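Visitor: Below is a structure I'd like to ask you about.
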Amino acid sequence: MIERQRAARRRSACYCPYRAPPYSKFHLTNRRFAFKVKMDGGMVTILWDDADDPKGNTAHVAENGLTPEEVDEIILDDSLPAAFSHSTGRPCKFGWTSTGVHIVVIWEEILDDPRMLYPITAYEVPPPRKSRRPR
């Protein structure tokens, strides 16, 4: 029975015995915690890489002309509905920042308890068009 389960796991598309999980203890300890806030009635930790790391999310967001604070505004705004990215399937939110820029933020949930979010990217998008209703 156990051998059959192992064989099924090896055949699955996501099984790789030589690869560490994408968010192992090593990955989490090398991230800088921005802050913890309440979201949806629980504590949320948003993870940001060091600004000096050229491959980190802080540098990536800065390349798009945004700051981590603007990204945090959108992620933590409970009035904005979360959607899913069509290309990656990751959760995302669209919203206006306090600086008047309409952006989309795409993140990945690292842990559920305690809840940890890792912003993947954020960039400016055109504002939503007003829908035309037939009369």
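Visitor: Expressed in nm to one decimal, what extension gain is obtained for the pair Val101 and Val125 from 0.36 nm per residue of sequence separation less their Cα-Cα distance? Intermediate results must be reported in sequence, preceding the final value.
Guide: Values: separation 24, 0.36 × 24 = 8.64 nm, distance 0.84 nm.
Full extension from Val101 to Val125 adds 7.8 nm.
Visitor: Taking R0 as 22 Å, what FRET efficiency do you get between Asp112 and Asp50 from their Cβ-Cβ distance, rounded to the nearest 0.05?
Guide: On the way: r = 25 Å, r/R0 = 1.15.
My answer for the efficiency is 0.30.
Every number in this text was worked out from the coordinates using simple rules, so none of it is lab data. All figures in this text were calculated on a predicted structure; none of them were measured in a lab. Because the Cβ atoms are built from the backbone with ideal geometry, glycine has one as well, and the counts that use them run over all protein chains shown.
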